[in-house]
Structure formats: structure tokens, C-alpha cells
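Below is one structure, written out as C-alpha cells, with a few remarks after it.
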Amino acid sequence: MTESNYAYNIIMNLAHLPDFLQKSILKQRLNEFFDMAEDEQCEIINNALEVGSSIPFNKFAKLLKTWLISLTNISKMSRRIIFSRYINQIIISPQKLIKFNLDGILEVFMTLNESHKKMIIETVSSIVTELDQNKRKKLLVLIPDNMKTYLSV
């Protein structure tokens, strides 16, 4: 089985679980993620970006919301690490982000409570602000204007 098929199967199975199991498994996976070496973390993120857009959006949206909420329950430093890894992988392979329903992702984000949105915005904004100019330009070209309004970059 290829890495992308394996990642697809894991994400699909996770997306179909009831909320309480999804939350529990995501929490466990996040803890495992931070015990991995950086190259392993990047491989997982790369696989998630590769297959995430192929998940039916209603299932993906539910999983994304649970994942975002889970990220607000970890330390600021851990949240920064995971978002940094995602941003770097997107800069390396921008075509993977283009496949996603970015308007739908923003809609999912908008359903979060204000404190969760604030935590995520602060984390992502600080990472983007600290990128070198070329990487920041490359990333901002990919992000729709309606998303940019939430980032102070």
C-alpha cells in the first residue's frame, strides 16, 4: 500500500467516526506527533495535504473542526510547531493547497468560538509574519483574500 493510500484510509476512517471517538483519537495522535522527529512530522503533514482534498467535504469539514479545536487545547508552542510544519509543507508544495475547498475551510473556521479563532489567528499570523519575504509572498499568493483579512500580515 502506498503512503498516500495509507494516509487516505486513516483520514477517511477517522472522518467517519463519531465525535467522541474522533476527539479522543485526534488527541492521542497529536501527542504522538510531537514525539516524532521533524522529518516524520513533515511526512505525515505532506501525506495529509496530499489526500485531504480527496475526502468528501462534509466529512473533511467535521474532522477539520475537531482538529482545530484540538489544536486550541495544546500548548502555544506545540500549536506553533504544527502550524509551522503545515505552512512550510504548503510553501514547498503549493499545488496541494490549491486542491482544497479554501472557502469551505474558512467557513469551518468561522464556526469556531471566538477564543479558539483568536488562538489560531495569533499563531498563524505570527508564523507568517516571521517568514522571509519570498516565502511569505509565495504563501500569500495561495491564500484567498477573504482569509487574508483574518491574518495581520
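The values are calculated or read from the model by the stated rules, or taken from the named source; none is laboratory data. Computed from a predicted structure; not experimentally measured. Neighbour counts run over all protein chains shown; Cβ positions are idealised from the backbone, glycine included.
Values as computed for the structure displayed
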quantity: Cβ-Cβ under 6 Å pairs, at least 6 apart or on other chains, region 74-100 side of a type in the set (Gly, Ala, Ser), far side assigned to a helix (DSSP H, G or I) and at pLDDT 95 or above; calculated: Ser84/Ile127
quantity: Which listed residue is in a helix (DSSP H, G or I), polar (S, T, N, Q) and surrounded by 18 or more Cβ atoms within 10 Å (Cβ to Cβ), from Asn46, Asn31, Asn58, Asn13; calculated: Asn46
quantity: From Lys138, Lys96, residue being part of a helix (DSSP H, G or I) and under 13 Å from the mean Cα position of the chain (by Cα); calculated: Lys96
quantity: Selected residue (criterion: modelled with the lowest pLDDT) from residues of region 108-147 that are farther than 23 Å from Asn46 by Cα and charged (D, E, K, R); calculated: Asp145
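Let's see how each residue does on (1) over 19 Å from Lys118 (Cβ atoms); (2) outside any loop (DSSP other than H, G, I, E, B):
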residue	(1), (2)
Val51	yes, yes
Ser54	yes, no
Leu64	no, yes
Arg85	yes, yes
